[in-house]
Amino acid sequence: MKSATLLSLLQDRRVHSGEALARALGVSRTAIWKQIRRAQAEGVEIRTIRGQGYQLVSTLDLLVADDILASLAPELRNRIDLTVLSDVDSTNAEAARQLKAGQSSLPVVIADGQTEGRGRRGRNWASPRGENLYLSLGLTVQGGFSALEGLSLLLGVAVSRALATLGATGIGLKWPNDLFADNKKFGGILVEIQGELQEGDVQVIAGIGINVHMTQVSGVDQPWVGLAGQWPDIQWSRNELAAAIVTQVLGVVPEFEDQGFQAFCDEWQAQDIFFGKDLMARGGDLQGQGCGIDASGNYQVMTAQGLVPVRAGDISLRVQS
Ligand code: BTN
C-alpha cells in the first residue's frame, strides 16, 4: 500500500523532493527511492530531476476510499463497510470472508488488483493492478433462494444505469449479465450465493469487474475494450465509477425484493444484444432466434420446435457464426 500513498502525493504532478516525500510518509529517503523504482517497474512514469526530486508523468487514477465515500449519498455512506485494498486474491472471496466472520452486514470490497480474479464458469478474470475496477458487494436479499431469480440480470441493469450517469450510453447486455459496447465486452458480473439466513434472507456476493483504462492483456479469448478506449471523451475515475455502481446496485435491490425482476424486464430487454440474432447452445443441439427474456430472466430462443427458455447457468448461448 506504500507506493499508493507515494503516488497519491505525486498525483498533483508537481516536483517533490525526496526529503519532503520521506518526511510526509515517515520513511527514509532510501525507502522513497526504492518505492519510486518499484512504481517505475510497474509501469508508472516518474521523472527524476537531479537535485530537485521526482515528478509524475503518467496519468493516474488511484483508488481512494475517502473519495469513493465522498461521492456517495450520506445514507449509503453510513450503510456500507468499504474496504479498499491494494491487492487481494478475489474481491468476491474477501467479501465472503467478511460476511462469514460477521465483520459486516454490507461489505463493499474494492481492490486495485486481484491475484485470483474469478470469472463465470470457473474462468479466470484478468485483473492487472491499477487499471480496472474490481468490486464486490455482500448483499442480503429477502425472500429465500427463489427470490434470486433474475438477480444477476438486475445487476447488469444497475451497472448500465451507473455508467449512464457518468455519460456512457449505448451499452449492450449479453445474457445473462455481460456488459458490451460495439460487440466488445468491457465488464462482467459474478454472483455467488453465500447461504440462507434465518427468515429466508439470502446472502449473495455480487462481483463486478469493469475494464477501465486497460489497453492490453494476455489470455482473454474474446473481443474486449475498456471504458477509456470506448468512451475517450469521458474522464474516467475509478472512485466515481465505484460510487456510481454502489449507488445504483443498492438503489435497485429494494424494488427487486418488492416486485421481482419483472420490474426491470423492459429495461434489460432494451439493451439485449442477442435479440433477433441466430443463436445456438448445448453444442449446437439448440438453435434458433433470440427472443428476449421472460419475467424470471430466462432467455427465450425460438427454435423449429417452438419457444425454448434457457436458464442462466444452464448453458451458454452464442451467436451462430
Ligand atoms: C465474467 O466472467 O464475466 C464475470 C467476471 C466477474 C469479475 C469480477 S471482478 C470483481 C469480482 N471478484 C472476482 O473474483 N470476480 C468478480
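The values are calculated or read from the model by the stated rules, or taken from the named source; none is laboratory data. Please read these numbers as outputs of a predicted model, since none were measured by experiment. Here Cβ is always computed from backbone atoms with ideal geometry, including for glycine, and neighbour counts include all displayed protein chains. Areas reflect the complete protein model, heavy atoms only, side chains present, ligands, DNA and RNA absent. Shrake-Rupley method; radii C 1.70, N 1.55, O 1.52, S 1.80 Å.
Data table
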| quantity | calculated |
| --- | --- |
| Cβ pairs under 8 Å, 6+ apart, first in the range 34-50 and closer than 16 Å to T5 by Cβ and in a helix (DSSP H, G or I), second at pLDDT below 95 and among the small types (G, A, S) | Q35/S3; R38/S3; A39/S3 |
| Yes/no for D61 being under 30 Å from T140 (Cα atoms) and not aliphatic (A, V, I, L, M) | no |
| Some residue of the range 180-193 being within 14 Å of the ligand (Cβ to nearest atom), modelled with pLDDT of 95 or more and among the small types (G, A, S) | yes |
| Single residue of W125, W175 found to be within 19 Å of M214 (Cβ to Cβ) and hydrophobic (A, V, I, L, M, F, W, C) | W125 |
| Entirely in the range 54-108, the helices (runs of 4 or more DSSP H) that have 1 or more residues that are open to solvent by 30 Å² or more (accessible area, probe 1.4 Å) and among the aliphatic types (A, V, I, L, M) | 65-70 |
| Among residues of the range 260-286, those that are open to solvent by 40 Å² or more (accessible area, probe 1.4 Å) and at pLDDT below 90, counted | 4 |
| Residues located in the range 91-113, provided they are touching a residue at least 24 places away in the same chain (Cβ under 8 Å) and more than 13 Å from the ligand (Cβ to nearest atom) | Q98, L99, K100, S104, S105, L106 |
| Sole residue being modelled with pLDDT of 95 or more and under 27 Å from the mean Cα position of the chain (by Cα), chosen from E19, E75, E42 | E75 |
| Condition broken by D12, with the remaining ones in (1) open to solvent by 30 Å² or more (accessible area, probe 1.4 Å); (2) within 24 Å of G209 (Cβ to Cβ); (3) not in a helix (DSSP H, G or I) satisfied | (2) |
| Any hit, the range 114-130, residues being of a type outside the set (D, E, K, R), more than 8 Å from the ligand (Cβ to nearest atom) and open to solvent by less than 10 Å² (accessible area, probe 1.4 Å) | no |
| The range 204-231: number of residues that are more than 16 Å from the ligand (Cβ to nearest atom) and in contact with a strand residue (DSSP E or B) (Cβ under 9 Å, 6 or more places away or on another chain) | 3 |
